[in-house]
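Scroll down for the structure; my scribbles are underneath it.
Bear in mind that the values in this text are calculations on the coordinates, not laboratory data. None of these values were measured; they are calculated from a predicted model. No Cβ is skipped: glycine too gets one built from the backbone with ideal geometry, and neighbour counts run over all protein chains shown.
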Amino acid sequence: MFKSTSWRIFVISGIFFAITIIPFSLFLANRFSHFAYSQMGTYNQDRIDEMAERIEYILDKLKWYSLNMFEDHAVQNWMYASADNLLQNASTMGVLTKYLSNEPYIESAYLFSIRKREVIDSKVGLLSFEEFADLPMLQRIERAPGNFLRYFDHRIGNNSYLALQLPSTPVQKKRDGYLVVLFDKKELQKHLISGDGRADTVLSIVDDQGKLILGEWDERIEETIDNIQTGLKQGSFELNRAEGEAFVNYARLKSPEWTIISVTEMKQFREKAGAFKTVIIVCSLLLLAALLLIAYWNSRRFVGPFRRLADQLQRKLGVKGENDYGVIEQGVVILRDHYPLIKTEYLRQWLLQGRLTDGARAAIVRESRLLDYDWLRLAVIKIDSYYEMSEQYDFVSRKLLKYAIGNIAEELLGRPERPIEVVDFGSDHLVVLVGAANSSPDPELTKELMELRRQVTRYVKLDVTIAKSTARRVHDDLRKVYDDMNELTLFKFVSGDDKIYIEQDFERYADLQAPIDAAVHETLIQTIRSGKEEKVLAMLDELFARLQTMNYSECQFQLKLLLFAIIKSFRKMTSIQSVEGIERHLWQFATLTDVREWLKEETGRIIRLLGDQKGFNRKGKLVREIIEYVRYHIHDPMLSVDEIADHIALSAKYVRQLFHDQYGMSLSNFILNERLGKVKELLEQTNMQVTDIAEQSGFQTKSHFFTAFKKATGMTPSQYRDSKAGERMRQTAGKSAN
């Protein structure tokens, strides 16, 4: 059984696939596990670093907001006032309440007056020092004010707050007043160190003493603090515990000197990674089974004919060999000296030299009836994918395939009244010489040639192009006829016509010529760079229409110039990576239409790659930054386009144009819309005075506020509030009725 080439190929292929796929699948599964593990650490670290930036930004913003509260004129006047002033007390309390209502992170605030020994508690009101309930804070203020403008932990009963004491620096040894802002830890924790709902991750913030500031606390956090290396801004390590492995990432904040810690359990991750590794191995085994089936089918389908050929050689010529290849090789050696082979060589010399010698005529007459006729026709059968076939098969295999084509030609075309001879020139084509009794047209021959092409495609799995000459006398110069028909088979590449080419087609083919200016290539390259895909496709259609007016050689030359220009301009983006590969790449196309369709896909892919290389839209990013800045400073009546332009380091003119182009409205209208949106929100959700709402929304004057609001809504602010209240009442009544 193993003398059969098909079985040997199947067994060898199976062994090769097994020793290749199984180790590779195990290696791939292992590498995936390591890669996923490293990616998880990288993802966690990026998340922690991003969280650190967000926390620093929010804490700095809260400091800035607290400073604005402290430096408010009403607050300063109250602290320095020496006598009771009920109006001043009420005004200060209102200012304090206004500031606190605009910042959700602030729980409450204390305003101390050392001179008057009074304190304003934002939740209670004006109190004397003796009436003030938060004694620890009062003691801190009176005895040791401590670090200014630095966050510290403060407890009131069972509740813990993050506190901030102002002013920013102790300029005077003894000040007349202080401001202490208490921040809600739960609110800060919810927005600053969100764990994205992951149950396997614990997030915490600790100070430089290892004391918990925000987040959760358990034994893993305590062990993690002991393993964090001092001096490093960020890092990661594994934490091995009796309960299982955990992955730790940490990052230090610049101000305050806190550390964010993330502890992620590895059990669930390892289970998922293990499951995916199993899937990879199972899929690899299924692939191995599929490849074995394909190898078996391929060996039986394509190598089986060689086995049958070897059997015929053994039966008819008595050839022996160790395997199929040895039998065929010995058969070729035996047949090399046979008269039919000598006849074929003389036919080849006849076509190449153009005329018959006496020795060649005698040999051909002995083996063929072709010279019994005064007329003959010449047909060239060109294998379209010969160069691709050359890479797949060796010389002997190619010889056998062409031998099969010749056998089909003899069966279809050969008749007692019409002898034929098939000549193999050893390259990409065969020549068929057909004897004829006269020079009259033979339409049956054209039909039979079309059937020949169909059967070659079906049984030999090769596409061929056939060109047929008119009848010529046997003593005519056949070399020119052979050259013309051989050249005519190349016409299919240019025209794309799927037919039997006749000699009349050569006259049209020989006149093709239309040189292309090099500037056309440069224009095409520039259009590709500009990303105008539709224009590129139109230019390619026009260019290939001109290529169809050239003969094969000129067309190939122009195609090589075009591909050279594209590769030179987009070397790292083309599927052809070198100039040397241009000619080999063109060999795989049977027609010029195939080249055009491939080049359309190639240029489209290059345009998309060029678009991807432009990366993130910087203009869009600038517009988002402008929007964020406006919404954050909407309460500031001095907010202007110039201030925004200074913030992002661009000119005001460019900022106006950029925002209008990207957002579709002017920046001034956007700011006005944001202010009006803030007004509507406060009118619907609060009981604040309309004038306070106007001030809170950043309107400089009342007249401008009322005019803009009336123009936008058709109502005054009071009418708008009343209408919304009425809607809520109607909705409530409707629900009660239901």
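For the chain, the longest principal axis of the C-alpha atoms and the axis of helix 592-613 are separated by about 20°. Taking the Cα centre of the chain as origin and assigning +1 to Lys and Arg Cβ atoms and -1 to Asp and Glu Cβ atoms, the resulting dipole is close to 700 debye. Once both axes come from the Cα atoms, what is the angle between helix 717-737 and the longest principal axis of the chain, in degrees from 0 to 90, rounded to 10? Approximately 80 degrees, to the nearest 10. Rounded, prolate or oblate: which fits the stretch 422-486 when a ≥ b ≥ c are the square roots of the eigenvalues of the alpha-carbon gyration tensor, with rounded for a/c under 1.5 and prolate only if a/b beats b/c? Judged from the Cα gyration tensor, the stretch 422-486 comes out oblate (a/c at least 1.5, b/c at or above a/b).
Exposure proxy ranking for V279, V630, based on other Cβ atoms within 10 angstrom of each Cβ and starting from the fewest, stands as V279, V630. Report which label in [x] 1.23; [y] 1.11; [z] 1.00 holds the value of Rg/Rh (Cα atoms, Kirkwood Rh) derived from the coordinates of this structure. Checking each listed value against the structure points to [x]. If a/c stays under 1.5 just call it rounded; otherwise compare a/b with b/c (prolate if a/b is bigger, oblate if not). Do that for the stretch 102-157, with a ≥ b ≥ c from the square roots of the Cα gyration tensor eigenvalues. The shape class here is oblate. Pairs from the table (K678/K702; K186/K680; K185/K254; K98/K711) lying more than 25 angstrom apart at Cα are K186/K680; K98/K711. Each of F35, F425, F544 was scored by other Cβ atoms within 10 Å of its Cβ. Arranged with the fewest first, they read F35, F425, F544.
Of the beta bridges in the chain, as assigned by DSSP with both residues counted there, near 95 percent are antiparallel.
In terms of surrounding Cβ atoms within a 10 Å radius of their Cβ, S113, S440, S262 rank from fewest to most as S440, S113, S262. Between the Cα long axis of helix 618-632 and the first principal axis of the chain there is an angle of about 20°, rounded to the nearest 10. Placing unit charges on the Cβ atoms only, positive for Lys and Arg and negative for Asp and Glu, gives the stretch 193-265 a dipole magnitude near 400 debye about its Cα centre.
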